[in-house]
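Some notes on the structure that comes next.
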Amino acid sequence: MEELGIGIKKLVETQSGNAQPETVVEKIPEVVNLTVRVLVEGEPARFTTVYLHSTVREAVTDGDGYVTFYNVEQGDHKIVLKYNNKTYENKVSLNYPEKQIHLTIAAEEKKASFLWLWWLLVIPVVLFGYFYLAHYFSRQKYSRIR
């Protein structure tokens, strides 16, 4: 299996003593330890259960809003928590060369979608209108024939 890397510019001293920028490829570890500080409306989310989605994991924040997930695979993840009867959801992408990652996220409330309710109201009205007009015009047509 080929290990992926990330190009990082570093200053490297040459034989003449000058520092030259050079791109060095550092290996990205397959798993990392992820520490997240969760803030809701600027305040730490204390003693709140936080879920990390991809492979679902859960942990509880400490008194300062910190939670740590161990051996998390690199890539895209979703962090979900319920706090004060509201659901919050954030997406994070892990592609770092470090083995220990610290993030602070401002939890964003997940908005409920009521689009299905709109369609539930509109479709019956449209169908009723269609059949009513079809019935009305069919009666008009037959009344002219008689």
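The values are calculated or read from the model by the stated rules, or taken from the named source; none is laboratory data. Just so we're clear, the structure is a prediction, and the values are computed from it rather than from any experiment.
Within region 89-121, count every residue that is modelled with pLDDT of 85 or more and not hydrophobic (A, V, I, L, M, F, W, C).
The qualifying residues number 4.
Got a sec? Which strands (runs of 3 or more DSSP E) wholly within region 30-137 have at least 3 residues that are not aliphatic (A, V, I, L, M)?
Because the criterion is at least 3 residues that are not aliphatic (A, V, I, L, M), the strands (runs of 3 or more DSSP E) in region 30-137 that meet it are 31-40, 49-53, 66-73, 75-83, 86-94, 100-106.
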